[in-house]
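Asks: Please read through the structure below; I'll follow up with questions.
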Amino acid sequence: MKKIQGRVVCSTNDKTVSVEVVRLAPHPKYKRRIRIKKKYQAHDPDNQFEVGDIVQLQSSKPISKTKAFVAVAVPKRNDTRKTVVSAGSSSIDKGE
């Protein structure tokens, strides 16, 4: 199944969100990469997404004339960054 990631730009309709997807593509003449924006209508059965949320669009059978995707929450990335502990904050250095 095709999955696309985008940002919710409109959520005023009942059970429908409008999602803007941005992708990079080469310009036909100048070959420079340009941003291409496209809007998709997606099904949101629980009305859980607000404007500005990042969602993933999962393809499905056509729900209506304009809706063929279902909006799904983006899974959280596993944050594996190491935390740096500064030497001045430990209780050993205070002389207690």
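The numbers here are math on the coordinates, done by the rules we state, and not lab data. This structure is a prediction, so every number in the text was calculated from the model and none was measured. Reconstructed Cβ throughout: ideal geometry from the backbone, glycine too, with neighbour counts over all protein chains shown.
Asks: Tally Lys/Arg at +1 and Asp/Glu at -1 over every other residue whose Cβ is under 11 Å from the Cβ of Lys67; what's the total?
Replies: Residues close to Lys67 contribute a combined charge of +2.
Asks: Whole Å is fine, so just give me how far the alpha carbon centre of region 44-68 lies from that of region 1-34.
Replies: Region 44-68 and region 1-34 have Cα centres separated by 13 Å.
Asks: Find the eigenvalues of the gyration tensor of the Cα atoms of region 3-73, then list the square roots of 5 times those eigenvalues as equivalent ellipsoid semi-axes, largest first, in whole angstrom.
Replies: 25, 13, 10
Asks: I would also like to ask the following. Local charge sum around Asp53 (other residues, Cβ-Cβ under 12 Å, Lys/Arg +1, Asp/Glu -1)?
Replies: -2
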